[in-house]
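The values are calculated or read from the model by the stated rules, or taken from the named source; none is laboratory data. Since this is a predicted model, take the numbers as computed values, not measurements. Methodologically, a virtual Cβ is constructed for each residue, glycine included, from the backbone with ideal geometry; neighbour enumeration extends over all protein chains shown.
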Amino acid sequence: MLDKRSSASAQSLGQSQPQSAAAHSSMRNDAPTRQAIALISDDADPAIDTNRQEAGERNIYVRRVGEALAKVGWRVDMFTRRTDPDAPTVVQHSPHCRTIRLDAGPAALIPRDQRFDVLPEFLEDFLKYQSKEHYPLVHTSYWTAGWVGLQLKQQHNLQLVHTYHSLGVLKYQPGVARSAIADRRIDIEQQVLELADCIIATSPQEKDTLHQLMSAQGTVEIVPAGTDLDTFHTMPQTEARQRLGLSSQEPMVLYVGRFDARKGIETLVRAFAQLPDSLHKARLVIVGGDDPAQDNRQERQRIERIVRELQLGDRIDFVGQVGHERLPTYYTAADVCVIPSQYEPFGLVALEAMACGTPVVASNTGGLRFTVVPEETGLLVPPEDVAGFAKAIERVLTDQIWAQKLKSQAPARVQQNFSWTGVAVRLSDVYRRIMAQSISHEQLWCPINPAEPAVASASASAVAPDQPESSTIQTVS
Ligand code: UDP
């Protein structure tokens, strides 16, 4: 049944397939030595078409990590939940990287608080692939996938790596009554920290938060998220303005992201209203769509109401969802990109803007304190500080000599520290290390019996063979 589904879907591969299915399948067969690993992101589809659908950091992160891991030598299968009956089961991103959509619950978007209930079905469907591919390592994203990872770890001999993306302990205020699903999330997130083989924190701030608010136990490695430097790079601002039909005389303030109260768009709109009269020509461009699976349409309507109350309708544009092909034009056209989040675990938008040479004014919170260097690539302001945001935006728009320095320093910081290839190399290192440790652990506690070769063969396949550090096997044996 598995083969039939895969081949049927290979004939109807999605729009992101750069080469023919036949070419891909022959390339996959040509490379039997690559180690297969699974990335699990039940709740955020890595193959989503970002031109048409609302995409967040998790969709982008999983897809870019998967593609970059394949480039550095792994065979990567990314698993997500099917939310559209017509979407192909398999999307081949590159010869060694594919998204596989599993059946769990209705093939439709379902509200967040119901997504946990379909996980047993998701796990069951995943196990069909696990029994064929024998992934020695799964890297899960977000707490629901973390639950799947915990079940796999309990039942199978595999290593579990987890990235949180966001944390229940930060989302739900202490002292405020929590729903049952919120309690469950917090409980599972703590179990994952204590039981996974390794947690990937995307910033030192996240690592501190995990140990301070959740548990002192658990192994945490810091590997930041990255950005696609082929897509996000500098280009002349006048060209970008022309493409968008914007005048070069109007200072442009940009927001990119979801409509969610925690994103702080209200703070930005109110700060924009406080800019001095000398900046009355400034425009605020708001890029981002609403998520039909959530109540974010209400947030957009709320923001639009505030814009009307402040009589800013003719100076603020709501552009809607924009795909990554066109986003660099918006970043480059802008004089400043503002990220006014109440909390931001990492904040890919900050990296994308800086990579395009756009200064960033961001909330002084979470991963933004790691990516944005105050005075060098932008400014940090306390979350929800309307006057503080107004002052910071005004400074970037009016101090042109300093802003020019930010524009050249920002892309340099991203190129040096946040490429996806760099992320993949660092993740590969973590994967190989924990797989090698598991082998040494097996050898310490379960001496290999020649009559039972299962442990030896699992061990031998547990390190990506085309990585030079495969000598770690020799070290531990
Ligand atoms: N994004 C996009 N088109 C849009 C708005 C956002 O592709 O119209 C992408 C954006 O480029 C970034 C991601 O969505 O890669 C948002 O990530 P971030 O970490 O900033 O926020 P999150 O959505 O995870 O809270």
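If E325 passes every condition in (1) within 15 Å of the ligand (Cβ to nearest atom); (2) in a loop (DSSP other than H, G, I, E, B); (3) within 22 Å of R395 (Cα to Cα) but one, which one does it miss?
Going through (1) within 15 Å of the ligand (Cβ to nearest atom); (2) in a loop (DSSP other than H, G, I, E, B); (3) within 22 Å of R395 (Cα to Cα) one by one, E325 breaks only (3).
Taking F346 and the conditions (1) more than 9 Å from the ligand (Cβ to nearest atom); (2) modelled with pLDDT under 95; (3) in contact with a His (Cβ under 8 Å, 6 or more places away or on another chain), which numbered condition does it fall short on, given that it satisfies the others?
Only one criterion is unmet by F346, namely (1).
Of everything in segment 77-118, what is among the polar types (S, T, N, Q), over 20 Å from the mean Cα position of the chain (by Cα) and within 23 Å of V65 (Cα to Cα)? Give them in sequence order.
Listed by number, the list holds a single entry, T89.
Could you please let me know if L275 is away from the ligand (no atom under 16 Å from the Cβ) and within 17 Å of E344 (Cβ to Cβ)?
In short, no.
When only residues in segment 328-343 that are closer than 18 Å to Q404 by Cα and of a type in the set (A, V, I, L, M, F, W, C) count, which is nearest to the ligand (Cβ to nearest atom)?
Checked segment 328-343; the qualifying residue nearest to the ligand (Cβ to nearest atom) is C337.
Does R63 satisfy the condition of being within 16 Å of the ligand (Cβ to nearest atom), at pLDDT 95 or above and outside any strand (DSSP E or B)?
It is true that R63 is within 16 Å of the ligand (Cβ to nearest atom), at pLDDT 95 or above and outside any strand (DSSP E or B).
Quickly run through segment 373-385 and pick out the residues that are among the hydrophobic types (A, V, I, L, M, F, W, C), touching a Pro at 6+ places or on another chain (Cβ under 9 Å) and surrounded by fewer than 22 Cβ atoms within 10 Å (Cβ to Cβ).
L380
Would you point out the residue of segment 232-258, among those that are among the hydroxyl-bearing types (S, T, Y) and surrounded by 15 or more Cβ atoms within 10 Å (Cβ to Cβ), that is farthest from the ligand (Cβ to nearest atom)?
Restricting to residues being among the hydroxyl-bearing types (S, T, Y) and surrounded by 15 or more Cβ atoms within 10 Å (Cβ to Cβ), the top hit is T234.
Somewhere in segment 240-251, is a residue within 30 Å of L195 (Cβ to Cβ) and part of a helix (DSSP H, G or I)?
Within segment 240-251 (the criterion being within 30 Å of L195 (Cβ to Cβ) and part of a helix (DSSP H, G or I)), the answer is no, since none of the residues qualifies.
What tally of residues in segment 259-274 results from selecting those that are part of a loop (DSSP other than H, G, I, E, B) and buried (at least 21 other Cβ atoms within 10 Å of the Cβ)?
Residues flagged as part of a loop (DSSP other than H, G, I, E, B) and buried (at least 21 other Cβ atoms within 10 Å of the Cβ) within segment 259-274 amount to 2.
Let me confirm something: among Q217, Q237, which residue is more than 17 Å from the chain's Cα centre (by Cα) and more than 30 Å from M354 (Cα to Cα)?
Sole residue among the options that is more than 17 Å from the chain's Cα centre (by Cα) and more than 30 Å from M354 (Cα to Cα): Q217.
Restricting to segment 170-208, give me the number of residues that are assigned to a helix (DSSP H, G or I), in contact with a Ser or Thr (Cβ under 9 Å, 6 or more places away or on another chain) and modelled with pLDDT under 95.
The total comes to 2.
Taking G357 as the residue in question, decide whether it is within 24 Å of T371 (Cα to Cα), assigned to a loop (DSSP other than H, G, I, E, B), of a type outside the set (D, E) and more than 11 Å from the ligand (Cβ to nearest atom).
In short, yes.
Would a scan of segment 368-391 turn up a residue that is in contact with a helix residue (DSSP H, G or I) (Cβ under 8 Å, 6 or more places away or on another chain), within 15 Å of the ligand (Cβ to nearest atom), over 23 Å from Q237 (Cα atoms) and not in a helix (DSSP H, G or I)?
yes
If I filter segment 308-321 for residues that are in contact (Cβ under 8 Å) with a residue 40 or more places away in the chain and within 11 Å of the ligand (Cβ to nearest atom), do I get at least one hit?
Yes, segment 308-321 contains at least one residue that is in contact (Cβ under 8 Å) with a residue 40 or more places away in the chain and within 11 Å of the ligand (Cβ to nearest atom).
Can you pull out every residue in segment 112-166 that is hydroxyl-bearing (S, T, Y) and buried (at least 22 other Cβ atoms within 10 Å of the Cβ)?
Y135, T140, S141, Y142, T144, T163, Y164
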